[in-house]
Amino acid sequence: MIRRLTARSRLTLVYTGLVLAAGFLLLALTYVLLVRGDLRLPSPGPDGNIGGRLREEVLADLVARAALALLVVTALAGVTGWLVAGRILRPIRTMSGTANRLSVEKLSERIPVHRPADELATLAATINGMLDRIQHGITERDRVLDSQRLFVANAAHELRTPLTTMRTAIDVTLDGEPDRAELVAMAGDIATAVETSQRTLDGLLVLARSQAGPPRRTPVDLADVAATVADAADRAANGAVTLRTDLRPAPVSGEPVLLERMVGNLLENALRYNHAGGDVTVTSGIANGLAFLRVVNTGPLVTPEEERRLFEPFVRGTGNGTRGAGLGLSIVRAVVTAHDGEISSAARPSGGLDIAVHLPPALEAAPSG
C-alpha cells in the first residue's frame, strides 16, 4: 500500500511545482521572444553563415544556463516551501497535541488562540468552544447521575422501611398462637405500611412524570385550581388551622393534573408543618407579566439550611407529628420546572415558610370553574 504524503509534504510539493511551472513558463516565453523577435548579432565577416551559427549558439547557451538556474531556484523553492509549510502547520500540530492530551478526566486544557484572527485562530476558538460544551455536558451528566443515584438510594430506603415494618409485624404476630386482637393489630400495621408505600410510589411516579415535562398543555386558571384544593384542605384541617384565600385570575398553560398536584402539595405541606391555631394564606394573580401562586403558613422556625434542602427528595421538615414521604416540595419544583416557571421560598422570622410559584401566563384565557 502506498503511504499517503503528509500535509506538510503536499504543501511543499505544491509550492515547488508552482515555482517550477512558473519558471518553465518564463523560460519558454523568453525563448519564443528571442527566436521570433529581432535578435541582432554583429557579424565578424562577409560570410552570413557565421552570424547564423553564432545566433544558434547564443540561444542554446541561454537555454542551458536558464535551465540550470531554474533547477537551482526549484530546489531552493522546495526547501523554502518545506520550512514555510512547517511554520503554517505549527498551530495545527499544537491543536493535535492538545487534543491527544485531553481525556474525560482532564478537559480543562484549551488551545491557545494567537493573533491575528485568521482561519487557524478561528478554528482554535471553535475547538475551544466545542471543548467547553463537552466539559459542561460531562459535568451536567455527572451531576444528574449523582442525583439519580442518591434518589434511587433514598427511594430504596424509603420503600424498605414499610416492608420491614410489615415483615416484623407478621413475624412477631405469627410467632405463637395469635388471637383475633393480635391479628387485627397486625392487619392495621400492615395497612399503614402499605399506605406509606403507596404514597411513596405515587410521589415517585408523579415526580418522574413531571421531570419528563408535561405531554400536553391546556389553559388552566391557578385560582380555580387553588379554590378547589383549598376547599378540600379546609375540610380536612377541621378548624385546627385557619385557611385564608385571596384568589385572583392567574391563567396559565399546562397539564391540569400536574398543576393540581402542585397546588395540593403546597397546601398539604403548609397544613402539615404548622401548629394548632396557626393559619395558611393562599393568594394568586398576575404580577410582572407572570401568573403566580403564593402560599404562606405559620409553623416552626426553619433555618436557612433546612429551607434550601426542603425541595430535595425525601427531605422532611419538623411537622406536627405526621410523617410524609418527603416528596411534596420536590414534586412542586419538578412541576414548576416542567412548566417553564420559577419557584422561590423564604423562611419567615416568626416561623413557617413563604413559597411563591411564578409561571408564564396563558396565551388564551383559561376556562373558569
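The values are calculated or read from the model by the stated rules, or taken from the named source; none is laboratory data. Only a predicted model underlies this, so the values are computations on that prediction, with no experimental measurement involved. Note: areas computed on protein heavy atoms with side chains; ligands, DNA, RNA excluded. Shrake-Rupley method; radii C 1.70, N 1.55, O 1.52, S 1.80 Å.
Remarks
- Residue count for the stretch 222-260, restricted to those that are open to solvent by 50 Å² or more (accessible area, probe 1.4 Å), aliphatic (A, V, I, L, M) and under 20 Å from Arg333 (Cα atoms): 1
- Among residues of the stretch 147-170 being open to solvent by 80 Å² or more (accessible area, probe 1.4 Å) and at pLDDT below 85, the one that is farthest from the chain's Cα centre (by Cα) is Leu163.
- Yes/no for Val263 being at pLDDT 90 or above, open to solvent by less than 10 Å² (accessible area, probe 1.4 Å) and farther than 22 Å from Leu205 by Cα: no
Residue-wise test of (1) modelled with pLDDT of 70 or more; (2) assigned to a strand (DSSP E or B).
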position	(1), (2)
Arg323	no, no
Gly326	no, no
Val336	yes, no
Asp340	yes, no
Pro349	yes, no
Ile355	yes, yes
Leu363	no, no
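- Complete set of residues in the stretch 116-135 that are of a type in the set (A, V, I, L, M, F, W, C) and either assigned to a helix (DSSP H, G or I) or modelled with pLDDT of 80 or more (or both): Leu120, Ala121, Leu123, Ala124, Ala125, Ile127, Met130, Leu131, Ile134
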